[in-house]
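What follows is one structure encoded as structure tokens, with my remarks underneath.
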Ligand SMILES: NC(=O)c1ccc[n+]([C@@H]2O[C@H](COP(=O)([O-])OP(=O)(O)OC[C@H]3O[C@@H](n4cnc5c(N)ncnc54)[C@H](O)[C@@H]3O)[C@@H](O)[C@H]2O)c1
């Protein structure tokens, strides 16, 4: 990529290329629109299933994206349905009542697409039904709950191969993460061998429930019938980052965990600690605990020449102090400027620095120079980014309408779901779980 050419279009392109690079992922063809209302330039009509916390977060963003219009919403819980309608503000028709009421919504011929943000155990059937009803699908992470559901979804997607399927792993749509992945691909971290990630909180992870009858509906995350616990809800985001950084899926996972602190009737662990092993000895270490929030959540991606510490909205690059010779050649070419180099070693360099600083000193100016230099190499995108949630939704609608590449296609979601399911199996059994051998 050359200077001047680094635009959002390039970012979307590079995001798609990077997406394809992860986890042995097959290239995904952009889908041509099926229905007349989703031909290029027209408005995508969509329905929304599950207007709870995440659903409303998405609807809030969708309300600002003119390429689509919400014509229907479906939720079995009246207060959430109402909140969804108010959030989107497009006066959608509502569907409620039985858990299969969404199928009535899917019968609508004037609907091009469906977005799904229901509890995990419901994802697979809803995705399959939506695809078979001819709708493009956006489904929240984790893509599916049980191992066999993955292949069932794949079959439905293959039978409806012109439909877009996008998974809600929003880091895939983050400019910051895409910059980080470009840095990795361009060698800024050297040989990347290790990802350490944690998602630590200090609360019980429960939602308040007034009517005890609603406990399982509202606190579905606590119960194994519906939930994959911390692995599905939190690790899913971070192990996907490791898959992306390594450009591979794990080969095995070992883990532990337990209900050791919040002994309140929950069925899922309040702490999990797992190690994923990738090809060539690379590893990812993940922990999630609900009794200390000190380290919060981020991913630390480590190579023999540097480290990236990254989370949504913030990324730092740290250079290794010792410049190592690789292949007999000292790799001093990546970073320019002695002060910047020193800064990167000692305090780190922000990936998304604040351009609006006033009264810039010498160091600030040198940092600015470094950012421009990164941009000139096509590593850094100067364009003002949208937040990843907005980007993933905009990307979904653009894929349907204009055939744009999909930021987080099915294969990435499937690789991610396998990590969650095998991780939980390792925790439950105490045994190392190996990935199935790939057919030759
Ligand atoms: N991408 C992210 O960062 C992110 C963040 C939070 C949640 N999520 C995902 O979003 C999904 C929903 O999580 P949440 O926190 O919004 O849960 P929630 O409980 O707040 O919302 C789920 C909604 O689905 C409704 N529902 C359940 N069964 C239904 C059915 N059969 N038909 C119609 N509606 C039904 C519930 O009534 C509820 O309103 C989960 O898969 C979760 O992992 C993703």
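A few remarks follow.
- Meets criteria (more than 10 Å from the ligand (Cβ to nearest atom), modelled with pLDDT of 95 or more and within 18 Å of residue 152 (Cα to Cα)) for residue 124: yes
- Condition check for residue 228 on (1) crowded, with 20+ Cβ neighbours inside 10 Å; (2) in the same structural domain as residue 272 (by TED's automatic domain parsing); (3) more than 15 Å from the ligand (Cβ to nearest atom): one failure, at (3).
- On the stretch given as region 169-225, residues that are more than 16 Å from the ligand (Cβ to nearest atom) and closer than 26 Å to residue 115 by Cβ total 3.
- Selection count, region 70-85, where residues are under 16 Å from residue 57 (Cα atoms), touching a helix residue (DSSP H, G or I) at 6+ places or on another chain (Cβ under 9 Å) and surrounded by fewer than 20 Cβ atoms within 10 Å (Cβ to Cβ): 1
Listed here are the residues, each with its yes/no results for (1) modelled with pLDDT under 75; (2) over 30 Å from residue 229 (Cα atoms).
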residue	(1), (2)
277	no, no
292	no, no
317	no, yes
327	yes, yes
340	yes, yes
349	no, yes
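- Filter result for residue 105 (crowded, with 19+ Cβ neighbours inside 10 Å, farther than 24 Å from residue 423 by Cα and either free of Cβ contacts under 8 Å to residues at least 60 places away in the same chain or in contact with a strand residue (DSSP E or B) (Cβ under 7 Å, 6 or more places away or on another chain) (or both)): yes
- Residue list for region 189-206, filter: closer than 30 Å to residue 341 by Cβ, surrounded by fewer than 17 Cβ atoms within 10 Å (Cβ to Cβ) and touching a helix residue (DSSP H, G or I) at 6+ places or on another chain (Cβ under 8 Å): 193
- Any hit, region 142-155, residues being near the ligand (Cβ under 9 Å from one of its atoms) and closer than 19 Å to residue 45 by Cα: no
- Restricted to helices (runs of 4 or more DSSP H) entirely inside region 165-261, those with at least 1 residues that are closer than 18 Å to residue 274 by Cβ and in contact (Cβ under 8 Å) with a residue 12 or more places away in the chain are 236-246.
- Members of region 288-301 that are more than 16 Å from residue 350 (Cα to Cα) and either more than 18 Å from the chain's Cα centre (by Cα) or surrounded by 22 or more Cβ atoms within 10 Å (Cβ to Cβ) (or both): 288, 289, 290, 291, 292, 293, 294, 295
The values are calculated or read from the model by the stated rules, or taken from the named source; none is laboratory data. Every value quoted in this text rests on a predicted model; they were computed, and no experiment measured them. Cβ: placed from backbone, ideal geometry, glycine included. Neighbour counts: every protein chain shown.
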